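*Asks:* Mind having a look at this structure? Questions to follow.
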Amino acid sequence: TEKVAYRVRCADGQERWVETVVQSGPSPELVVCMTRDVTEHKKNATALERGLHTLVHRSPEAMLLVQGGRVKDANTAAIELLGGRGDDGFVERPLRGLLHPSDATGELEALSAVETADDGSLALHDVCFLRSDGQTVPSQAFAVSVAHAGRSAVLLTFHARSKAADALVAERLSLIHI
């Protein structure tokens, strides 16, 4: 099965997006093709991506948009937290370079699973980032699958763990007697 989306110009001059699905037929010399108009779907997906972009860039939480293990977008909070410069400080860089080596492989595998799953998500978890100056940034993060440029991607949201919050958790855990 192959699926192809393309733009066509109608007799009235209007442009429409169509998608054709091609499948093998009952015998080798036959194929089955189905074409449908996906113009409205394409418009809605584009509007949704624009809305996602606005949400990411206005959020006070650090966010990275990751696709295929590479950073496709980073908001100001992420750039500041990780010591980047300018809006494109991390764009097109491998995410591995922003992760502490002890966390990189596990985090990339988990994010890959989220990216390829339908409605995938990764619960709040600890991960350690590396700033551009080499300092570590112990963080808590969660991830959800999203669409970006017509393909699956992952929105990774994170914040630096604070010593006060870690101390509070340690104190509460010490009160639990098993």
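The values are calculated or read from the model by the stated rules, or taken from the named source; none is laboratory data. These figures come from a predicted structure and were not determined experimentally. We place every Cβ from the backbone using ideal geometry, glycine too, and count neighbours over all the protein chains shown. The protein model used for the area step is the full one, side chains on, heavy atoms only, and it has no ligands, DNA or RNA in it. Shrake-Rupley method; radii C 1.70, N 1.55, O 1.52, S 1.80 Å.
*Asks:* Give the number of residues within the range 134-147 that are in contact with a Lys or Arg (Cβ under 7 Å, 6 or more places away or on another chain) and open to solvent by 50 Å² or more (accessible area, probe 1.4 Å). So that I can check it myself, show each step before the final result.
*Replies:* Within the range 134-147, the first condition is being in contact with a Lys or Arg (Cβ under 7 Å, 6 or more places away or on another chain), and the residues that meet it are 137-140.
This time we only want the ones that are open to solvent by 50 Å² or more (accessible area, probe 1.4 Å), so: 138, 140.
Of the residues in the range 134-147, 2 are in contact with a Lys or Arg (Cβ under 7 Å, 6 or more places away or on another chain) and open to solvent by 50 Å² or more (accessible area, probe 1.4 Å).
*Asks:* Across the range 21-36, what is the number of residues that are under 25 Å from Val146 (Cβ atoms) and surrounded by 13 or more Cβ atoms within 10 Å (Cβ to Cβ)?
*Replies:* Our first condition is that a residue be under 25 Å from Val146 (Cβ atoms); within the range 21-36, this holds for 21, 36.
Narrowing the set further to residues that are surrounded by 13 or more Cβ atoms within 10 Å (Cβ to Cβ) leaves 21.
Number satisfying all stated conditions: 1.
*Asks:* Check Val18, Val66, Val56 and return the single one that is open to solvent by less than 30 Å² (accessible area, probe 1.4 Å), assigned to a strand (DSSP E or B) and under 19 Å from Ala143 (Cβ atoms). Explain how you work it out, then say what you get.
*Replies:* Numbers: Val18 fails: under 19 Å from Ala143 (Cβ atoms); Val56 fails: assigned to a strand (DSSP E or B).
Among Val18, Val66, Val56, only Val66 is open to solvent by less than 30 Å² (accessible area, probe 1.4 Å), assigned to a strand (DSSP E or B) and under 19 Å from Ala143 (Cβ atoms).
*Asks:* In the range 107-165, which strands (runs of 3 or more DSSP E) lie fully inside it and hold 3 or more residues that are basic (Lys, Arg) and touching a strand residue (DSSP E or B) at 6+ places or on another chain (Cβ under 7 Å)?
*Replies:* Working: elements: 121-130, 136-148, 151-160.
The strands (runs of 3 or more DSSP E) meeting that bar number zero.
*Asks:* Moving on to the next point. Restricting to the range 97-133, and then to whatever is within 19 Å of Ala160 (Cβ to Cβ) and touching a Gly at 6+ places or on another chain (Cβ under 7 Å), can you tell me which residue is surrounded by the fewest Cβ atoms within 10 Å (Cβ to Cβ)?
*Replies:* If we take residues in the range 97-133 being within 19 Å of Ala160 (Cβ to Cβ) and touching a Gly at 6+ places or on another chain (Cβ under 7 Å), then Asp133 is surrounded by the fewest Cβ atoms within 10 Å (Cβ to Cβ).
*Asks:* May I pose another question? Of a type in the set (D, E, K, R), out of contact with any Leu (no Cβ under 9 Å at 6 or more places or on another chain), part of a helix (DSSP H, G or I) and surrounded by 10 or more Cβ atoms within 10 Å (Cβ to Cβ): does that describe Lys42? Show your work before the answer.
*Replies:* Values: of a type in the set (D, E, K, R): yes; out of contact with any Leu (no Cβ under 9 Å at 6 or more places or on another chain): yes; part of a helix (DSSP H, G or I): yes; surrounded by 10 or more Cβ atoms within 10 Å (Cβ to Cβ): yes.
Yes; evaluated as a whole, the condition is true for this residue.
*Asks:* Restricting to the range 78-92, what's the tally of residues that are under 15 Å from Leu130 (Cα atoms) and either open to solvent by 20 Å² or more (accessible area, probe 1.4 Å) or not aliphatic (A, V, I, L, M) (or both)?
*Replies:* Going residue by residue through the range 78-92, those that are under 15 Å from Leu130 (Cα atoms) are 78-85, 89-90.
Next cut, either open to solvent by 20 Å² or more (accessible area, probe 1.4 Å) or not aliphatic (A, V, I, L, M) (or both) only: 80-81, 83-85, 89-90.
Looking only at that region, the number is 7.
*Asks:* Mind checking which pairs have a first residue in the range 107-128 that is without any contact (Cβ under 8 Å) to a residue 60 or more places away in the chain and a second that is surrounded by 12 or more Cβ atoms within 10 Å (Cβ to Cβ) and in a helix (DSSP H, G or I), Cβ under 6 Å, 6 or more apart or different chains?
*Replies:* Within 6 Å, the pairs are Gly120/Val114; Leu122/Ala110; Leu122/Val114; Val127/Asp103; Val127/Glu107; Cys128/Asp103.
*Asks:* Now a separate question. For the range 50-83, give me the residue count where each residue is within 13 Å of the chain's Cα centre (by Cα) and within 18 Å of Ser152 (Cβ to Cβ).
*Replies:* Residues that pass the stated criteria total 14.
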